[in-house]
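One structure is given here, and the rest of the page talks about it.
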Amino acid sequence: MSNISKVQTLKELIGKGESQFNQEIAFLYRRKKEYKEVTYHKLHDDINGFGTYLYELGIKEKKVAVIGENSYEWLVGFFSVANSSNIIVPIDKELDAVTIYELIQKSNCSVVLYTKSYKNKIRRLMELNDSIIEEYICLNHMDEYVVTGEQQIQQGKTEFLLEEVKPDDDAAIYFTSGTTGKAKGVLLSHRNLCEDMYGAAQRIQPQKSIFLILPLNHTFALTASVLCVLIGGKEIYICSGIKSFFRDLQELKPSGLVVVPLFVENIYKTILNKITEDGKQKSYKLLCKFNGLLLKCGIDRRKKLFHTIVDSLGGKLDFIVCGGAPINAVLIEEFSKWGIDIYNGYGITECSPIISVNSQEENRLGSVGKPLEGVKVRIDSPDEAGRGEICISGQTVMREYYKESEQTAQTIIDGWYHTGDIGYLDEEGYLFVTGRIKNLIILANGENITPELLEDKIKTYRLVDEVIVYGKDDKIVAEIYPDIEYAKMHQIKDIEEDLNEFITKLNKSLPTYQRIKSVVIREEEFEKNTNRKIIRKY
């Protein structure tokens with residue numbers, strides 16, 4: 001990309017944004033009933049203003065927690081802290097106050113930035129406080145802080161502006177989501193984040209804008225939805241919240257979307273349910289066939305043929321970057337019919353986080369793309385099929401797990417980070433992720449079963465909403481949460497019988513040792529972490 005040049009620190013990123021893109025829009029967000037625009041110039045000035053305000057409060061060389069919903073103020077807080085002698089610690093707003101306090105203790109935070117939506121949790125933190133937390137700052141008063149900071153700059157208070165930030169300085173501590181075990185603090189440097197940002201931005205850049213919906217306390221949201229966009233001088237639209245998702249999509253009309261698979265699944269189900277409600281299933285199928293014939297003739301009319309669907313997503317959406325968990329290949333094929341490409345990627349917090357991603361130029365169905373520039377991937381102890389543990393080295397790999405030297409030594413061996421994921425590289429360098437080592441089902445006959453591969457097959461059935469496959473008493477069990485709305489629409493009276501018939505048919509296509517012996521029907525959704533990943537308890 002001609003307008004993308006490498007930076008070594010987040011402070012350099014903000015400075016280059018101000019000089020290169022100045023009056024172009026950096027952020028657009030809804031405040032009450034109107035949208036507000038923020039230019040790259042204003043972003044730069046707001047960060048300097050708030051950063052100076054913090055410095056004049058004596059907040060230097062400290063660890064600063066930030067707790068709150070996605071907002072422009074959250075991001076100003078993030079950059080103001082990271083671009084100084086301080087370290088930012090984004091904390092999951094959905095956690096209970098006691099757990100938040102434990103993470104604050106674990107990361108040695110002495111300052112908390114928060115939004116007023118979570119003031120009750122902050123009150124509880126204050127009750128728990130044993131003098132660890134010195135300062136609480138509500139981000140909803142950001143305008144006042146910035147004005148104060150700007151006045152201080154005019155008075156000659158320029159310490160924050162002149163603070164030298166080096167590439168190997170620590171920028172952030174991001175806590176892992178903790179789907180298996182306790183969350184660990186991942187210490188990331190400016191170099192880690194900037195190398196990952198540059199590599200990912202080389203693969204994917206929106207024509208105009210990216211829609212920010214994933215919570216910013218996860219590195220995937222920060223790197224893919226914010227950093228990669230800022231380095232290219234494009235616009236970031238901040239979604240008002242899950243309930244406003246479709247409304248904001250239609251009003252803001254982004255060209256790109258960064259999400260986890262669950263969002264894609266929900267969008268797909270919403271669209272199909274609308275087609276069913278309107279009684280247009282037959283016409284939709286005919287349209288799909290006609291579209292297929294046109295594509296075979298080299299004629300692309302997808303967005304015109306499916307304009308109703310495309311318009312429901314804003315009308316300008318060209319691509320979706322999907323990561324955080326495996327995505328069903330069927331969804332990629334379905335969205336492609338409408339003229340919306342899904343680029344599946346793979347990452348992990350400890351690697352800043354993006355390791356690989358597909359792109360318009362290089363997109364292989366079923367893979368998570370080729371590794372980013374500067375990211376080395378090795379398959380450790382591969383089996384006959386070339387599958388083994390995925391190991392990563394390069395400048396994007398974390399420095400350490402904060403205050404956990406033993407855990408760090410167990411995962412970073414001879415410069416290679418051991419992900420705990422199973423996968424393989426094909427002859428052309430595309431990476432395929434097939435499962436987690438911890439999730440492997442090992443049967444008494446010695447066969448190793450990757451449950452994720454079976455789950456992908458089961459999820460192709462429309463009656464299945466969520467599924468987890470696990471081993472119990474030397475048998476393979478599929479626990480399914482059915483799509484109740486789909487069952488009602490299609491008048492499926494006996495859901496259990498229907499699902500058992502599907503599993504029976506599926507088993508006939510599977511090797512004997514992979515066949516599912518038991519089906520458990522759930523009445524409630526699986527428990528999930530705040531990044532909407534199912535928490536495995538088996």
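For the range 1-74, the Kirkwood hydrodynamic radius comes to 14.3 Å, computed from all pairs of different C-alpha atoms.
For residue 214, the accessible surface of its heavy atoms amounts to roughly 0 Å² (probe 1.4 Å, protein chains only, rounded to the nearest 10). Report, in whole Å, the centroid distance computed from the Cα atoms of the range 1-68 and the range 324-396. Cα centroid to Cα centroid, the span is 30 Å.
When a/c reaches 1.5 or more, the comparison of a/b and b/c decides; with that in mind, is the range 292-337 rounded, prolate or oblate per its Cα gyration tensor? The partial results should precede the final answer.
On the way: a/c = 2.63, a/b = 1.37, b/c = 1.92.
Verdict is oblate for the range 292-337.
The HN-Hα couplings worked out from phi for the range 61-68 by the Karplus form 6.51 cos²θ - 1.76 cosθ + 1.60 (θ = phi - 60°) are 6, 10, 9, 10, 7, 10, 10, x Hz, whole numbers, x standing for Gly and Pro.
What the Cα atoms of the chain give is an Rg and a Dmax of 24.0, 77 Å.
Expressed per residue, the C-alpha convex hull volume of the range 125-274 stands at 210 Å³.
Taking max minus min of the alpha-carbon positions on each principal axis, the range 395-500 gives extents of 57, 38, 33 Å, largest first.
Backbone amide hydrogens, once placed in the peptide plane, bring residue 321 within less than 5 Å of 257, 258, 259, 343, excluding anything fewer than 5 places away on its chain. Loop-only check: which GluC sites (Glu not before Pro) in the range 396-490 are DSSP coil with at most 11 other Cβ within 10 angstrom? Sites meeting the loop and neighbour criteria: 427, 428. For the range 56-96, the orientation-averaged shadow of the C-alpha convex hull comes to 3.2 nm² (one quarter of the hull surface). At full extension, residue 290 and residue 494 could sit 70.0 nm farther apart than now, given 0.36 nm per residue minus the alpha carbon distance. With protein chains left intact and a 1.4 Å probe, residues in the range 463-538 average 60 Å² of accessible area per residue.
Once Rg and the Kirkwood radius are both taken over the C-alpha atoms of the range 40-156, their ratio Rg/Rh works out to 0.96.
Among the trypsin sites (Lys or Arg not before Pro) in the range 442-527, which ones are in a DSSP loop with at most 11 other Cβ atoms within 10 Å of the Cβ? Mind listing them?
Answer in residue order: 493.
Of the peptides 337-344, 166-173, 147-154, the ranking by mean beta-carbon count within 10 Å, highest at the top, reads 337-344, 166-173, 147-154. From its DSSP helices (H runs of at least four residues, each -39,500 (n - 2.57)), the chain gives a residue-normalised ellipticity at 222 nm of -10500 deg cm²/dmol. Every Cα-Cα pair of the range 230-363 was included, and the share exceeding 25 Å stands at 29 percent. Modelled spin-label separation between residue 277 and residue 250, with each label point placed 7 Å from Cα along the Cα-to-Cβ direction: 1.1 nm. Report the far tail of the P(r) of the range 188-273, meaning the percent of Cα-Cα pairs longer than 14 Å. Value for the range 188-273 (Cα pairs over 14 Å): 65 percent. In terms of the mean number of neighbouring beta-carbon atoms within 10 Å, the peptides 17-26, 242-251, 191-200, 286-295 order highest first as 191-200, 17-26, 242-251, 286-295. Students often get this wrong: which residues of the range 51-90 have the backbone nitrogen under 14 Å from the point 7 angstrom along Cα-to-C-beta of residue 151? Counting only backbone N, you get 53.
Among the trypsin sites (Lys or Arg not before Pro) in the range 1-44, those placed in a DSSP loop whose Cβ has at most 11 other Cβ atoms within 10 Å are 32, 33.
The values are calculated or read from the model by the stated rules, or taken from the named source; none is laboratory data. These numbers were taken from a predicted model, which means no experiment stands behind them. Backbone-built Cβ (ideal geometry, glycine too); neighbour counts: all protein chains shown. Keep in mind that these areas ignore ligands, DNA and RNA; they rest on the heavy atoms of the full protein, side chains included. Shrake-Rupley method; radii C 1.70, N 1.55, O 1.52, S 1.80 Å.
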